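Each remark here refers to the structure printed beneath this line.
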Amino acid sequence: MAAKPIASPIPVSMYPTLSVFTLAIGLFITAFFFIYEATSSRKNRSLGKELATATVASVFLGFGSLFLLLASGVYV
């Protein structure tokens, strides 16, 4: 019984596109986070909103970095 090779569920040709879009979304959310932090006073800030925004930005930037590495040939 021969083992099946591991294949990516996402086509390799989509890596650059996914990289650009996920990094752009992550940078946009990060910019929103910084603007929110700079323009709101300490009394008006919400920890839940800060954590949610930072988490979503982190996920998008993480996947964007992963797809950028995969698109450039660094298989991690």
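The values are calculated or read from the model by the stated rules, or taken from the named source; none is laboratory data. Predicted model, so just to flag it, every value in this text is computed and none were measured. Backbone-built Cβ (ideal geometry, glycine too); neighbour counts: all protein chains shown. The area values use the complete protein model at the heavy-atom level, side chains included, leaving out ligands, DNA and RNA. Shrake-Rupley method; radii C 1.70, N 1.55, O 1.52, S 1.80 Å.
Name the residues in the range 1-16 that are within 16 Å of residue 68 (Cα to Cα) and among the β-branched types (Val, Ile, Thr), would you?
Answer for the range 1-16, where residues must be within 16 Å of residue 68 (Cα to Cα) and among the β-branched types (Val, Ile, Thr): 10, 12.
Is there any pair with a first residue in the range 43-61 that is assigned to a helix (DSSP H, G or I) and a second that is of a type in the set (Gly, Ala, Ser) and surrounded by 11 or more Cβ atoms within 10 Å (Cβ to Cβ) whose Cβ atoms are under 8 Å apart and which are 6 or more apart or on different chains, and what are they?
57/26; 58/26; 59/26; 60/26; 61/26
What is the residue count in the range 25-42 for residues that are among the charged types (D, E, K, R) and either buried (at least 16 other Cβ atoms within 10 Å of the Cβ) or assigned to a helix (DSSP H, G or I) (or both)?
Here the count works out to 1.
Can you name the residue in the range 27-42 that is in contact (Cβ under 8 Å) with a residue 12 or more places away in the chain and of a type outside the set (Asp, Glu) and is also farthest from residue 15 (Cα to Cα) among such residues?
It comes out as 36.
Kindly check whether there is at least one residue in the range 61-68 that is loosely packed, with under 14 Cβ neighbours inside 10 Å, more than 10 Å from the chain's Cα centre (by Cα) and either of a type in the set (D, E, K, R) or at pLDDT 95 or above (or both).
No, because not a single residue in the range 61-68 is loosely packed, with under 14 Cβ neighbours inside 10 Å, more than 10 Å from the chain's Cα centre (by Cα) and either of a type in the set (D, E, K, R) or at pLDDT 95 or above (or both).
Picking from 17, 22, 55, which residue would you name as being open to solvent by less than 70 Å² (accessible area, probe 1.4 Å), among the polar types (S, T, N, Q) and under 10 Å from the mean Cα position of the chain (by Cα)?
Exactly one residue qualifies, and that residue is 22.
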